[in-house]
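The values are calculated or read from the model by the stated rules, or taken from the named source; none is laboratory data. As the structure is a prediction and not an experimental result, all values here were calculated from the model. Cβ sites come from the backbone with ideal geometry, for glycine too, and all protein chains shown count toward neighbours. Ligands, DNA and RNA are stripped out before the accessible areas are found, and what is left, the full protein with its side chains, is counted by its heavy atoms. Shrake-Rupley method; radii C 1.70, N 1.55, O 1.52, S 1.80 Å.
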Amino acid sequence: MGELKLMKGNEALAEAAIRAGADAYFGYPITPQSEVIEYLMAEKPWERTGMVVLQAESEVAAINMVYGAAGAGKKVMTSSSSPGISLKQEGLSYIAGSELPCVYANVVRGGPGLGTIQPSQADYFQSTKGGGHGDYRQIVLAPASVQEMSDFVKLGFELAFKYRIAVLILSDGVIGQMMEKVELFDPIPRMTDEEITAKYPWATTGKKKGTQRRIITSLDLDSHKMEEHNHHLQEKYRIISENEVRYELIDCDDAEYIFVAYGSSARIAQKAVQLARAKGIKAGLFRLISLFPFPGKEMAALCKKGVKGWLAVEMSAGQMVEDVMLSVKGCAKVGHFGRYGGIVHSPEEVLHAMEEKIIGE
Amino acid sequence: MSTVTLEDIIKPENLVYKKTDLMTDKSLSYCPGCGHGTAHRITMEVLEELGLDEITIGVAPVGCSVLAYEFMNIDMTQAAHGRAPAVATGIKRVWPEKIVFTYQGDGDLAAIGTAETIHACNRGEKIVIIFVNNGIYGMTGGQMAPTTLPGMKSSTSPYGREVEMMGNPLKITELVAQLPGTYFVTRQAVHTPAAVRKAKKAIKKAFENQRDKKPGLSFVEIVSNCNSGWKMTPTDANKWMEDNMFPFYPLGDIKTDGQLLK
Ligand SMILES: Cc1ncc(C[n+]2csc(CCOP(=O)(O)OP(=O)(O)O)c2C)c(N)n1
Ligand code: SF4
Ligand SMILES: [Mg+2]
């Protein structure tokens, strides 16, 4: 059993970066995720593992530092919250285009604009549909506990390097700020420079005489070649969609009414399931873990087993609900409930919404 | 009288000049007479002479030299517009033993990338920045740059840069020289053989500084022409540059060994 600790979600994420053998973290402070860089600076991972930590001049600079270091084959990470994530979109688009591996976290706060520092899930569209320019996707993992804030860093790096893609840990102010018990995984040693050079032939580590030079770029002025590159990216996203779907079913075996939720909304919806069951309603929870790839096929299959209605519960005006609708395609009724702008819904109002919007009619 | 054949001339002992292997055989995409090609070549010659090419990673900008990686025969990363100093920071921080440099135009470095430039300089990143200042946005068709001279015409200052409305040209090189993080700051040109020799010496010094782990960033500005953007012949452009650019952007070292000159 790994080391047990009581930690904030943001701290668990930071500690996990060190333990995952990350080579560098580049970040810029913003509430509610500043604990990530604060923890790292206090922990001095450069003494523990040789990991580099640098406070950049902006989120723009931070993501470009990630781009440079990732292109040079290193395991790198950044994190921010909504306004800062918006600034990173240009860099993320370049990372997608040049197929670089990296992990980053968004501890979402309410928007739009400067919005609020309170929790939100209103960045779903940006996260899953590609927030920057161009046709691209990234793997999106949604932790619902401090434990998953830690675990998903390790998993995130595995997936990032397996597919040469950015992995987003889409958290929110609740998960980032709350304290829970976490079982930390055993540290993975950082790769040596020789291992990196041998394992990642695409990485810019200096061109040895007589070898092919490495170029990290997203540019091709020949649009036929660019279309080919896009085909390749789409094929990669298809493979990811087939292999990397992650979700959890709670009380869904006999469920007639299912809540769909991720992150902190899933915890609240889980409580709503208990309240519903106590009232004799056969309710269940479909907890999304991967938002891209979206477990649409699994949702459709479950729907055919006699589900009468779905309620998408998210701290937004209704974003994920669109994917639920596309997935179950008229098999059963789909509704949405969400508080937003920094307000977190209660289990009672979530259940009430199910009764009113889905069961009632 | 013996006849001299071509075969007689092409012999190793007659070789006076050879293109460095660190330039690829691809023909340059630059307009004839443009300074970018020369700036590329001397940068690569320096890396070859110092024997650093196998551990060097270059960062290309967005601008006419976006395709620098097609011509420089080394490992390279293409950065988003203006972000090259941050990209280079990322590489150098995780590979401190490698040699890292950026190659950037004036729009890239002194407009959209000002923050990245200033902060990389101020942090004293152990990198080299090669800054090609042609006073214009060459790539996008000759728009006004942060370095466009007062009164100078461009497609977005068609009646000349009017300082009241459009602001002043930015002497970013003098600015970064003030920062404690820069170790070597110089301004050069590549329009004559003599200027090329001096510029190459400066670039060499910059890379030696990085190789020798000198404390800080080495910054080499090259004041260059853009005959297409300036709408002049290459010769007229060079003459215009001497008469107008050099008085505003005087050539020479500004800071050496971490000490401001003058
Ligand atoms: C974010 C972004 N904004 C604008 C552009 C368009 N753009 C491409 S190159 C360029 C100017 C480059 O000028 P400079 O850096 O002076 O290089 P030069 O071509 O003169 O060598 C601009 C505005 C872009 N590619 N990306
Ligand atoms: S447009 Fe100007 S900077 Fe670009 S290649 Fe032509 S002369 Fe050089
Ligand atoms: Mg220019």
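Grab the beta carbon distance between B:LYS18 and B:GLU49, set R0 = 22 Å, and tell me the FRET efficiency rounded to 0.05. Provide the component values of the computation, followed by the final result.
Numbers: r = 13 Å, r/R0 = 0.58.
Calculated transfer efficiency: 0.95.
Taking R0 as 30 Å, what's the FRET efficiency between B:GLN259 and B:ALA194 from their Cβ-Cβ distance, rounded to 0.05? Write out the running numbers ahead of the final one.
Working: r = 26 Å, r/R0 = 0.86.
For R0 = 30 Å, the calculated efficiency reads 0.70.
In terms of the ratio Rg/(2.2 N^0.38 Å) built on C-alpha atoms, what value belongs to the protein assembly as shown? Write out the running numbers ahead of the final one.
On the way: Rg = 28.0 Å, N = 623, 2.2 N^0.38 = 25.4 Å.
My calculation over the Cα atoms of the protein assembly as shown gives 1.10.
What is the dipole size for the protein assembly as shown, taken about its Cα centre, with +1 at each Lys and Arg Cβ and -1 at each Asp and Glu Cβ, in debye to the nearest 20?
Details: 68 positive and 73 negative charges, 114 e Å.
For this selection, approximately 540 debye.
Considering only B:THR43, B:GLY167, A:ILE258, whose Cα is most displaced toward the positive end of the charge dipole of the protein assembly as shown, charges sitting on Cβ of Lys, Arg (+1) and Asp, Glu (-1)?
B:THR43
So which of A:LYS88/B:LYS171; B:LYS171/B:LYS213; A:LYS199/B:LYS214; B:LYS153/B:LYS201; A:LYS199/A:LYS297; A:LYS282/A:LYS357 end up more than 23 Å apart by C-alpha? Don't skip to the answer; put the middle values down first.
Working: A:LYS88/B:LYS171 29 Å; B:LYS171/B:LYS213 27 Å; A:LYS199/B:LYS214 32 Å; B:LYS153/B:LYS201 33 Å; A:LYS199/A:LYS297 35 Å; A:LYS282/A:LYS357 16 Å.
From A:LYS88/B:LYS171; B:LYS171/B:LYS213; A:LYS199/B:LYS214; B:LYS153/B:LYS201; A:LYS199/A:LYS297; A:LYS282/A:LYS357, over 23 Å: A:LYS88/B:LYS171; B:LYS171/B:LYS213; A:LYS199/B:LYS214; B:LYS153/B:LYS201; A:LYS199/A:LYS297.
For the residue pair A:MET41 and A:SER223, what label-to-label distance in nm results when each label sits 7 Å from Cα along the Cα-to-beta-carbon direction?
4.8 nm
What's the ranking of A:132-144, B:243-255 by average number of surrounding C-beta atoms within 10 Å, highest first? If you can, show how the numbers build up before the last one.
Values: A:132-144: 21.1, B:243-255: 16.1.
Going by the mean number of other Cβ atoms within 10 Å, highest first, we get A:132-144, B:243-255.
Starting from the Cα of A:LYS329, draw a straight line to each of the aspartates and glutamates and keep only those under 17 Å, dropping any in the same chain fewer than 8 residues away.
Candidates past the 8-residue exclusion: A:GLU256, A:GLU298.
Treating only the Cβ atoms of Lys and Arg (+1) and Asp and Glu (-1) as charged, compute the dipole magnitude of chain B about its Cα centre; round to the nearest 20 debye.
540 debye
Points 7 angstrom from Cα along the Cβ direction at A:CYS331 and A:PHE185: gap in nanometres?
The answer from the label model is 3.1 nm.
Anyone know which of A:ASN243, A:ASN64, A:ASN106 comes out most mobile in the 10 Å Cα GNM of chain A?
Looking only at A:ASN243, A:ASN64, A:ASN106, the largest GNM fluctuation is found for A:ASN243.
Of A:GLY110, A:VAL153, A:PRO83, whose Cα points farthest to the positive end of the dipole of segment A:73-157 (charges on the beta-carbon: +1 Lys, Arg; -1 Asp, Glu; origin at the Cα centre)?
Comparing the listed Cα positions along the dipole, A:VAL153 ranks first.
Two decimals, Cα atoms only, Kirkwood Rh: what is Rg/Rh over segment A:3-193?
Details: Rg = 14.7 Å, Rh = 15.9 Å.
Rounded to two decimals, Rg over Rh is 0.93.
Stretch B:GLN143-B:GLU70 to full length: gain in nm at 0.36 nm per residue minus the Cα-Cα span?
On the way: separation 73, 0.36 × 73 = 26.28 nm, distance 2.49 nm.
So the extension gain works out to 23.8 nm.
Suppose the Debye formula is applied to equal point scatterers at every Cα of segment A:202-361; what is log10 I(q)/I(0) at q = 0.12 Å⁻¹?
Here log10 of I(q) over I(0) equals -0.59.
Kindly state, to the nearest 0.05, the FRET efficiency for A:GLN55 paired with B:SER27, given R0 = 41 Å and r defined as their beta-carbon distance. The partial results should precede the final answer.
On the way: r = 44 Å, r/R0 = 1.06.
Computed FRET efficiency for A:GLN55 and B:SER27: 0.40.
Give me the percent of the accessible area of segment B:54-152 that comes from carbon and sulfur atoms, probe 1.4 Å, all protein chains in place.
On the way: 1170 of 2010 Å².
Whole-percent figure for carbon plus sulfur exposure: 58.
Expected output is a single nm value to one decimal: the length gained when fully extending between B:ASN168 and B:THR156, i.e. 0.36 nm times separation in residues minus the C-alpha distance. What is it? Spell out each step's value before the answer.
Numbers: separation 12, 0.36 × 12 = 4.32 nm, distance 1.46 nm.
Here the segment from B:ASN168 to B:THR156 would lengthen by 2.9 nm.
For A:ASP253 and A:GLU195, compute 0.36 nm times the residue count separating them, minus their Cα-Cα distance, and round to one decimal in nm.
Values: separation 58, 0.36 × 58 = 20.88 nm, distance 4.68 nm.
Extra length available between A:ASP253 and A:GLU195 comes to 16.2 nm.
How many Cβ atoms of partner chains, on average, are near each residue of B:46-55 if near means within 10 Å of its Cβ? All intermediate terms of the calculation are to be shown ahead of the outcome.
Working: counts 0, 0, 0, 0, 0, 0, 1, 5, 6, 4.
Per residue, the number of nearby Cβ atoms from other chains is 2 on average.
Kirkwood hydrodynamic radius for segment A:1-95: how many Å is it when counted over pairs of different Cα atoms?
Computed over segment A:1-95, the radius equals 13.5 Å.
Can you give me the orientation-averaged projected area of the convex hull built on the Cα atoms of segment B:36-89, in nm²? Show your work: numbers first, answer last.
On the way: hull surface 14.3 nm².
Mean shadow area of the hull around the Cα atoms is 3.6 nm².
Exceeding 26 Å between C-alpha atoms, which entries from my cross-link table qualify? They are B:LYS204/B:LYS262; A:LYS129/A:LYS162; A:LYS44/B:LYS205; A:LYS75/B:LYS126. Before the final figure, lay out each step's value.
On the way: B:LYS204/B:LYS262 23 Å; A:LYS129/A:LYS162 21 Å; A:LYS44/B:LYS205 34 Å; A:LYS75/B:LYS126 21 Å.
As for pairs spanning more than 26 Å Cα to Cα, those are A:LYS44/B:LYS205.
B:ARG41: accessible area at probe 1.4 Å, nearest 10 Å²?
Ignoring ligands and nucleic acids, B:ARG41 comes out at about 70 Å².
In chain A, which cysteines lack any other cysteine Cβ under 4.7 Å from their own?
Flagged as lacking a Cys partner: A:CYS102, A:CYS252.
Once the convex hull of the alpha carbons of chain A is built, what does its volume come to per residue, in cubic angstrom? Walk me through the intermediate numbers first.
Values: hull volume 51.6 nm³, N = 361.
With only Cα atoms used, chain A gives 143 Å³ per residue.
Ignoring any ligand, DNA or RNA, what whole percent of the accessible area of segment A:3-193 comes from carbon and sulfur when the probe is 1.4 angstrom?
Carbon-and-sulfur percentage of accessible area, whole number: 54.
At a temperature of 37 °C and a viscosity of 0.692 mPa s, determine how fast chain B diffuses translationally according to Stokes-Einstein, using the Kirkwood radius over alpha-carbon pairs as Rh; express D in µm²/s, rounded to the nearest whole number. Don't skip to the answer; put the middle values down first.
Working: Rh = 18.7 Å.
Taking Rh from Cα pairs, D becomes 175 µm²/s.
Divide by every residue of the protein assembly as shown the summed helix terms, -39500 (n - 2.57) for each DSSP H run of at least 4, and state the resulting mean residue ellipticity at 222 nm, rounded to the nearest 500 deg cm²/dmol. Don't skip to the end; give the middle numbers.
Numbers: 24 runs with 234 residues, N = 623.
Mean residue ellipticity at 222 nm (helix-derived): -11000 deg cm²/dmol.
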